[in-house]
1. Within region 88-100, which residues are in a loop (DSSP other than H, G, I, E, B) and modelled with pLDDT of 95 or more?
2. Six or more apart or on different chains, Cβ atoms under 6 Å: show the pairs whose first residue is in region 71-100 and under 16 Å from residue 22 (Cα atoms) and open to solvent by 70 Å² or more (accessible area, probe 1.4 Å) and whose second is in a strand (DSSP E or B) and among the hydroxyl-bearing types (Ser, Thr, Tyr).
3. So if I check each of 82, 67, 37, which one is within 12 Å of the chain's Cα centre (by Cα) and of a type in the set (A, V, I, L, M)?
4. Of the numbered conditions (1) within 16 Å of residue 24 (Cβ to Cβ); (2) open to solvent by 70 Å² or more (accessible area, probe 1.4 Å); (3) basic (Lys, Arg), residue 58 fails exactly one; give the number of that condition.
5. Pairs only if they're at least six apart or on different chains, beta carbon under 7 angstrom, first in region 19-32 and in a helix (DSSP H, G or I), second open to solvent by 30 Å² or more (accessible area, probe 1.4 Å); list them, first residue then second.
6. When you scan region 27-42, do you find a residue that is surrounded by 16 or more Cβ atoms within 10 Å (Cβ to Cβ), under 18 Å from residue 72 (Cα atoms), β-branched (Val, Ile, Thr) and out of contact with any helix residue (DSSP H, G or I) (no Cβ under 8 Å at 6 or more places or on another chain), even just one?
7. Might you let me know whether region 11-24 holds any residue that is touching a Lys or Arg at 6+ places or on another chain (Cβ under 8 Å), hydrophobic (A, V, I, L, M, F, W, C) and farther than 18 Å from residue 81 by Cβ?
Amino acid sequence: MTKTLLAEFTAREGSEDQVARLIQEYALKVREEEGNLAFDVYTKAAAPRAYWIFEVYRDEDAFQAHLNAPYGAPFNAVLTPLIEEDASVLTFLDPLPTRP
């Protein structure tokens, strides 16, 4: 079963350009992961400092491989002081079952 989640964070005022550059570079790496099926980065139209990242991984093993990728911890270490939250807020999603 796929592993799907929404990651959310808000760039601090004044760090918008740096956060945009960081997440764009990170997205390129994540999209190359063997088990990554989607890594789509959005900002809220009404609040462009607010980011929503829709992520889909082939399965739990692919998600764990993503978490253990060598570029993940350095990315988060640089990102954390640039965002309002203590870390990205993760919401795990399950598909709605299809009716017969």
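1. Step one: list which residues in region 88-100 are in a loop (DSSP other than H, G, I, E, B), which gives 88, 94-100.
Once the filter is applied, which keeps residues that are in a loop (DSSP other than H, G, I, E, B) and modelled with pLDDT of 95 or more, region 88-100 yields 88, 94.
2. 84/10
3. Working: 82 fails: within 12 Å of the chain's Cα centre (by Cα); 37 fails: within 12 Å of the chain's Cα centre (by Cα).
Of the residues listed, the single one that is within 12 Å of the chain's Cα centre (by Cα) and of a type in the set (A, V, I, L, M) is 67.
4. (1)
5. Every condition considered, the pairs that remain are 22/78; 23/41; 27/41; 29/71.
6. No: zero hits.
7. No, there is no match, as no residue in region 11-24 is touching a Lys or Arg at 6+ places or on another chain (Cβ under 8 Å), hydrophobic (A, V, I, L, M, F, W, C) and farther than 18 Å from residue 81 by Cβ.
Residue-wise test of (1) hydrophobic (A, V, I, L, M, F, W, C); (2) out of contact with any strand residue (DSSP E or B) (no Cβ under 8 Å at 6 or more places or on another chain).
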site: 27; (1), (2): yes, no
site: 31; (1), (2): no, no
site: 50; (1), (2): yes, no
site: 81; (1), (2): no, yes
site: 84; (1), (2): no, no
site: 95; (1), (2): no, no
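The values are calculated or read from the model by the stated rules, or taken from the named source; none is laboratory data. Note that the coordinates shown come from a computational prediction; the quantities given were computed from them, not determined experimentally. Positions of Cβ are backbone-derived with ideal geometry, glycine not excepted, and every protein chain shown enters the neighbour counts. The accessibility values were calculated without ligands, DNA or RNA, using every heavy atom of the protein model including side chains. Shrake-Rupley method; radii C 1.70, N 1.55, O 1.52, S 1.80 Å.
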